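Enquirer: One structure, as structure tokens, below. Some questions next.
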Amino acid sequence: MDLTQQDWSSRYESDDHAFLLDVRTQEEYDDGHIPNATLLDIRQPQSFMDALQEMDPSKNYYVYCRSGARSSQACQLMNQNGIETAYNLLGGFMEWEGDTA
């Protein structure tokens, strides 16, 4: 599900079952990321799909990339693999106005 930054961050902050997922590259992550994000590069398809199999389907996943395109794709893959709750950050990290690490 695509959410605006405001909806995405307010849901994330009030969600006891939230898991924050960054699907960019290691280089992008190193240049800056949302605090407490776990990196899982969608451009490495085998490791990405392997990691999906290990994810807890009872968690709510808050997914972002640079602009929102890769994270949208990641959310679709997650849904197809039994993870029902995956929220895509519209506009991605480029438009993020919250804290960064």
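The values are calculated or read from the model by the stated rules, or taken from the named source; none is laboratory data. Everything numeric in this text was worked out from a predicted model, so none of it was measured. Heads up, the Cβs are rebuilt from the backbone with ideal geometry, glycines too, and the neighbour counts pull from every protein chain shown.
Enquirer: Of the numbered conditions (1) modelled with pLDDT of 95 or more; (2) out of contact with any strand residue (DSSP E or B) (no Cβ under 8 Å at 6 or more places or on another chain); (3) in a loop (DSSP other than H, G, I, E, B), GLY98 fails exactly one; give the number of that condition.
Expert: (1)
Enquirer: Scan the range 15-31 and give yes if some residue there is at pLDDT 95 or above, loosely packed, with under 12 Cβ neighbours inside 10 Å and assigned to a loop (DSSP other than H, G, I, E, B), otherwise no.
Expert: Within the range 15-31, one or more residues are at pLDDT 95 or above, loosely packed, with under 12 Cβ neighbours inside 10 Å and assigned to a loop (DSSP other than H, G, I, E, B).
Enquirer: Mind counting the residues in the range 38-79 that are in contact (Cβ under 8 Å) with a residue 40 or more places away in the chain, outside any strand (DSSP E or B) and touching a helix residue (DSSP H, G or I) at 6+ places or on another chain (Cβ under 8 Å)?
Expert: 3
Enquirer: Being out of contact with any strand residue (DSSP E or B) (no Cβ under 9 Å at 6 or more places or on another chain), of a type outside the set (A, V, I, L, M), surrounded by fewer than 22 Cβ atoms within 10 Å (Cβ to Cβ) and more than 19 Å from ASP16 (Cα to Cα): is that true of GLN80 here?
Expert: yes
Enquirer: Does SER58 satisfy the condition of being of a type in the set (S, T, N, Q), exposed (fewer than 12 other Cβ atoms within 10 Å of the Cβ) and closer than 20 Å to THR4 by Cα?
Expert: no
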